[in-house]
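Engineer: Dropping the structure in here first, questions after.
The values are calculated or read from the model by the stated rules, or taken from the named source; none is laboratory data. Treat the numbers as computed from the prediction; the structure is a model and nothing was measured. Every residue, glycine as well, gets a Cβ built from its backbone with ideal geometry; the counts of neighbours run over all protein chains shown.
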C-alpha cells in the first residue's frame, strides 16, 4: 500500500476544502463543525465506529437545529448553527459522566 501517497492526498484535499469553505461560510462555523462533533463523540463512545456515527448525528442535529432556529428567530444561520453546536457540546459534556459511569469498560490486554 502507498500510505504516504494516500496521506498526502487526504491532507491536500482537507486543506483545499477548509480554505475554500472558510471564505464561503467563515472560520467559526468551519471549526465548530470540525471540533464539536468529534469532542461529543469522544465523550460518549469508546469505539471508532460508534464515535463516527455519533459525530455524524451531532453534526446533523446541530446543522438542522441551527437552521430551524435561524428561520424562526430570524437570526444569521451561521451563528445559529454555532450556538446550536455549543448547546449540544455543553449538554453532552454534562451527561457524559452519567453515561460513562453506567457502561462497563472493555477488557484490555
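Engineer: Within the stretch 29-52, track down each residue that is surrounded by 14 or more Cβ atoms within 10 Å (Cβ to Cβ) and under 27 Å from residue 101 (Cβ atoms). If you could, list the steps in order and put the result at the bottom.
Structural biologist: In the first step, residues of the stretch 29-52 are kept if they are surrounded by 14 or more Cβ atoms within 10 Å (Cβ to Cβ); the result is 29-30, 32-33, 36-45, 51-52.
Within the stretch 29-52, 36, 37, 38, 39, 40, 41, 42, 43, 44, 45, 51, 52 meet the criteria.
Engineer: Which one of the conditions (1) farther than 24 Å from residue 99 by Cα; (2) without any contact (Cβ under 8 Å) to a residue 12 or more places away in the chain; (3) in contact with a helix residue (DSSP H, G or I) (Cβ under 9 Å, 6 or more places away or on another chain) does residue 10 fail to meet, given that it meets all the rest?
Structural biologist: Single failed check for residue 10: (3).
Engineer: Let me ask something else. Exactly one of (1) at negative phi; (2) surrounded by 11 or more Cβ atoms within 10 Å (Cβ to Cβ) is unmet by residue 26. Its number?
Structural biologist: (1)
Engineer: Sticking with this one: Can residue 60 be described as within 30 Å of residue 101 (Cα to Cα), surrounded by fewer than 12 Cβ atoms within 10 Å (Cβ to Cβ) and at pLDDT 95 or above? If you could, list the steps in order and put the result at the bottom.
Structural biologist: On the way: within 30 Å of residue 101 (Cα to Cα): yes; surrounded by fewer than 12 Cβ atoms within 10 Å (Cβ to Cβ): yes; at pLDDT 95 or above: yes.
When the stated conditions are applied, residue 60 passes them.
Engineer: Only one of these conditions is not met by residue 96: (1) at pLDDT 95 or above; (2) surrounded by 13 or more Cβ atoms within 10 Å (Cβ to Cβ); (3) more than 10 Å from the chain's Cα centre (by Cα). Which number is it?
Structural biologist: Looking at each condition in turn, residue 96 falls short on (1).
Engineer: What helices (runs of 4 or more DSSP H) lie completely within the stretch 1-91 and have 2 or more residues being more than 18 Å from the chain's Cα centre (by Cα)? Lay out the reasoning, then the answer.
Structural biologist: On the way: elements: 3-25, 27-44, 48-73.
The qualifying helices (runs of 4 or more DSSP H) are 3-25, 48-73.
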